[in-house]
């Protein structure tokens, strides 16, 4: 038995599709195209053109057949495959290949390679990772045509009950491998925005991508554990490692079974009004829990937990790695990273002593006071944003000057990243938390500058009612159902609607069992809660009626006390 069979090895990649798989490896190695014939004789031109069109026709017919399978078995997958068919049957490209054969005396294979390599050059040089993925797609179509010209095909049945390891994989092959019973996929190239990754997620096939030299590091018949949640591959695991992951796999499947259809059901009211249901997270483990429960994204990443964990302000690299992993694991759903929400009440290092920290230098005030820390975080978030599913949220905003200064700083950080040719999402949304009465009252002005709002009901209640919920003498005054708080929320929500930007709730009120219909009726677009509350909240949303919720909210906002609001909610629920 080869020596490598005895050694447990761990290989890190990018999590492209969630889930755990355990099985034997089937390694596919692509052969570089080498043509023994480059130029042809003039009399051979008609035959080469015929060969090309025959390969084009057979490849298109095969792809059309796979699309028909997808339409029956995975309707949402068919549009991805149709994209490949459009590239394959593009008349302009076919005419260009024909001219290359006629005018350059090239073989059909050489003409195909030249045409597709010329097309993909533009995409390969793009800074945008999503555009670079299009170059991979062109390669896939080129390889399909070359296989047709050389009468080569993959035997998909070899992947039955195995984990496929390949330098890259086309969506069509992935579809056929899945049909043949493949357990999971590992590739050397590809991004989380690639069609193959999207397809794997759509079909719920665990996949890890971006594993350098996977087809050399992994051997046929190796026993593999593929953890698509963490982007981890374990080759030839020890018995105790295998037992641990077998239990995790069983637990995961049992959890999905218990969740049933609710995890994949839409978060929409009984009468069809949709709500984006997001998760508040503090760790990478929370991302997994959020995905399993069917979250539409992350509404709040409490980035200050990095400071608490490390007991120091993390470096740009430490932050980048953490944000990137969260974004990759949650892709394609949005991830909202809140800038460090710290103050002398939350974190002591380098903070001034304050008698009343709640009204002192915290949130955005601290970040603008320590621009060095803020710039480091902004650059880390921007670097992690290259897959375009990250939003940055600014805490504790009270004045438009604070927001404008922050936006200026973000612009400066973008310029620095451009100079170093570092990829990032130039259109990354930047939003604010509505946590102060000032922000709510001035919401229409903030809506002209911000890309989204998130209402932090805990602090908004504290500052509106001047009550600290941790102070036993005034805790009874702290109540997010108070009409004053509701009216401020309504002002912010209406301002967001007027400027057509999304508005959500990420405070504890979002998960409060009595608040669901009220918040829906007020007009929020997003509700963000801790992962354990997601399914219960979804159940309540699906039972609610949007029109009735609007009437309830209108009456509640005009009420005079918290007790009156609660009575209105209780009365509506009894109907």
Exercise. Is the shape of the range 42-149 rounded, prolate or oblate, going by the alpha carbon gyration tensor and its root eigenvalues a ≥ b ≥ c, with a/c under 1.5 for rounded and a/b larger than b/c for prolate?
Worked result: oblate
Seminar exercise, completed: Under 18 Å by backbone N from the virtual spin label 7 Å along Cα-to-Cβ at residue 448, the residues of the range 483-497 are 492-497
For this session: Please arrange 387, 39 by counting, for each residue, the other beta carbons lying within 10 Å of its beta carbon, fewest first.
Result: 39, 387
Exercise. Packing-wise, with mean Cβ within 10 Å as the measure, how do 306-317, 540-551 rank, highest first?
Worked result: 540-551, 306-317
Problem set entry | Peptides 499-507, 411-419 ordered by average Cβ neighbours within 10 Å, highest first | 499-507, 411-419
Exercise. From the square roots a ≥ b ≥ c of the eigenvalues of the alpha-carbon gyration tensor of the range 128-198, which class results: rounded (a/c under 1.5), prolate (a/b over b/c), or oblate?
Worked result: oblate
Exercise. Label point 7 Å out from residue 43 along Cα-to-Cβ: which residues of the range 78-114 have amide N under 20 Å?
Worked result: 101-108
Exercise. For the range 87-109 and the range 357-396, what is the separation of their Cα centres, given in Å?
Worked result: 52 Å
Problem set entry | Mean-position separation - Cα centroids, the range 517-573 and the range 254-269, in angstrom | 21 Å
Exercise. According to the square roots a ≥ b ≥ c of the eigenvalues of the Cα gyration tensor, what is the shape class of the range 180-241, taking rounded for a/c under 1.5, prolate for a/b larger than b/c otherwise, and oblate for the remainder?
Worked result: prolate
Problem set entry | Linear extension gain, residue 219 paired with residue 426, 0.36 nm per residue minus alpha-carbon span | 70.4 nm
Exercise. Zone of residue 53 (label point 7 Å along Cα→Cβ, backbone N under 17 Å): which residues in the range 87-115?
Worked result: 89-103, 108-109, 112
For this session: Pairs of Cα atoms under 8 Å, at least six residues apart: use those to get the relative contact order of the chain, whole percent.
Result: 14 percent
Exercise. If each of residue 441 and residue 285 carries a label point 7 Å out from its Cα toward its Cβ, how far apart are those two points in nm?
Worked result: 4.4 nm
Exercise. Which label marks the calculated value of Kirkwood radius over Cα pairs in Å, given the options (i) 25.0; (ii) 29.3; (iii) 26.6?
Worked result: (iii)
Exercise. What share of the DSSP beta bridges in the range 273-574 is antiparallel, in percent to the nearest 5?
Worked result: 0 percent
Problem set entry | Mean separation of Cα contacts under 8 Å, 6 or more apart, over the residue count of the range 273-574: relative contact order % | 18 percent
Exercise. Do the sum for the chain: with -39,500 (n - 2.57) for every DSSP H run of n ≥ 4, divided by all residues, what is the mean residue ellipticity at 222 nm, to the nearest 500 deg cm²/dmol?
Worked result: -15500 deg cm²/dmol
Exercise. Ranked from highest to lowest mean number of other Cβ atoms within 10 Å per residue, what is the order of the peptides 439-448, 148-157, 286-295, 475-484?
Worked result: 286-295, 439-448, 475-484, 148-157
Exercise. Does anyone have the angle between helix 316-330 and the longest principal axis of the chain? Alpha-carbon axes, 0 to 90°, nearest 10?
Worked result: 80 degrees
Exercise. Rounded to the nearest 5, what is the percent of antiparallel bridges among the DSSP beta bridges in the chain?
Worked result: 35 percent
Problem set entry | Length released on extending from residue 542 to residue 241, taking residue separation times 0.36 nm less the Cα-Cα span | 104.3 nm
Problem set entry | For the range 419-488 and the range 494-516, distance of Cα centres in Å | 10 Å
Exercise. How far apart, in nm, are the 7 Å Cα→Cβ label points at residue 555 and residue 251?
Worked result: 4.6 nm
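Values quoted throughout were computed directly from the atomic coordinates according to the rules given, and no laboratory measurement underlies them. In this text, all values refer to a predicted model and were calculated from it rather than measured experimentally. When we count neighbours, we look across all protein chains shown, and the Cβ atoms used for this are built from the backbone with ideal geometry, even at glycine.
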